[in-house]
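Note sheet for the following structure.
The values are calculated or read from the model by the stated rules, or taken from the named source; none is laboratory data. Fair warning: this is a prediction, and the values are worked out from it, not measured in the lab. As a convention, Cβ positions derive from the backbone with ideal geometry for all residues, glycine included, and neighbour counts pool all protein chains shown.
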Amino acid sequence: MTEHIKIPLERIAVLVGPKGQTKELIEKKSTATLNIDSESGDVEIANPTDPLMGMRAKEVVQAIARGFSPEKALKLFDHDLLMFETIDLSNIARTEKDLMRIRGRLIGKDGKTREIFETLTNAYISVYGKTISLIGYPEQNTVARTGINMLLEGSAHGPVYSFLEKKKSDLKRAELGL
């Protein structure tokens, strides 16, 4: 089983890591070999001895490509239920100006909005290029995605934060199995 992924050229150094450490760690955890073409951005994930971990390697590479730090992306190997998902903004943003406005609403001044989302949902969020990506458990991603959609549809930040606050207690109860 071999997977091929194309990643942005500016993310290759992050994927490789200092002295190749990130690449080595992904190979070790995934039981696969990563072949990275730094000219084209093509990444080949080849011959995993554990097919499930090979599939996880693809998600880890995609998460790093979508702006997550290796530390956050590598968590996907440690928890079976953690999910990586991406929301494509290219259908919503008709112009570069639209995209900048949408990204600004999601990131907030000095990253405050993204930080509030992460704090209230316990999901990691990355806004990169024309995408918003999430790493979290299914229920965390669902709440984060709903809040993001509220912002994308034009809701003011206040009501979105209130929604997230209410859902935070639901998520806490779900974690505790109540």
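Going by the conditions given, is ILE102 among the aliphatic types (A, V, I, L, M), within 24 Å of VAL160 (Cα to Cα), crowded, with 18+ Cβ neighbours inside 10 Å and in the same structural domain as ALA156 (by TED's automatic domain parsing)? Considered against the rule, which asks whether it is among the aliphatic types (A, V, I, L, M), within 24 Å of VAL160 (Cα to Cα), crowded, with 18+ Cβ neighbours inside 10 Å and in the same structural domain as ALA156 (by TED's automatic domain parsing), ILE102 comes out as yes.
Checked against (1) within 23 Å of SER155 (Cβ to Cβ); (2) surrounded by 13 or more Cβ atoms within 10 Å (Cβ to Cβ); (3) under 16 Å from the mean Cα position of the chain (by Cα); (4) β-branched (Val, Ile, Thr), VAL60 meets all criteria but (1). Checking every residue in region 119-129 against the condition of being within 17 Å of ALA73 (Cα to Cα) and free of Cβ contacts under 8 Å to residues at least 24 places away in the same chain gives at least one match. Under the condition of being among the acidic types (Asp, Glu) and in contact with a Gly (Cβ under 9 Å, 6 or more places away or on another chain), the residues counted in region 34-76 number 0. Contact annotation: residue pairs with Cβ atoms under 9 Å, 6 or more positions apart or on different chains, pairing a residue in region 11-32 that is without any contact (Cβ under 8 Å) to a residue 60 or more places away in the chain and closer than 18 Å to PHE77 by Cα with a partner that is of a type in the set (Asp, Glu) and part of a helix (DSSP H, G or I), are GLY17/GLU24; LYS29/ASP78. Would you check if there is a residue in region 137-150 being free of Cβ contacts under 8 Å to residues at least 12 places away in the same chain and surrounded by 12 or more Cβ atoms within 10 Å (Cβ to Cβ)? Yes, some residue in region 137-150 is free of Cβ contacts under 8 Å to residues at least 12 places away in the same chain and surrounded by 12 or more Cβ atoms within 10 Å (Cβ to Cβ). Scanning region 90-99 for residues being in contact with a helix residue (DSSP H, G or I) (Cβ under 9 Å, 6 or more places away or on another chain) and either loosely packed, with under 12 Cβ neighbours inside 10 Å or closer than 17 Å to PHE68 by Cα (or both) gives a total of 1. If you take the residues in region 108-145 that are in contact with a helix residue (DSSP H, G or I) (Cβ under 7 Å, 6 or more places away or on another chain) and of a type in the set (S, T, N, Q), which one is nearest to ILE7 (Cα to Cα)? Ranking the candidates gives SER133 first. Counting only residues that are of a type in the set (A, V, I, L, M, F, W, C) and under 13 Å from the mean Cα position of the chain (by Cα), region 135-161 holds 2 of them.
Identify, please: which residue in region 119-130 is part of a helix (DSSP H, G or I) and among the β-branched types (Val, Ile, Thr) and is, among those, nearest to THR146 (Cα to Cα)? Once the filter is applied, the top-ranked residue is THR121.
Could you check, for region 121-138, whether at least one of its residues is of a type in the set (A, V, I, L, M, F, W, C), out of contact with any Gly (no Cβ under 8 Å at 6 or more places or on another chain) and at pLDDT below 95? No, the conditions are met nowhere in region 121-138.
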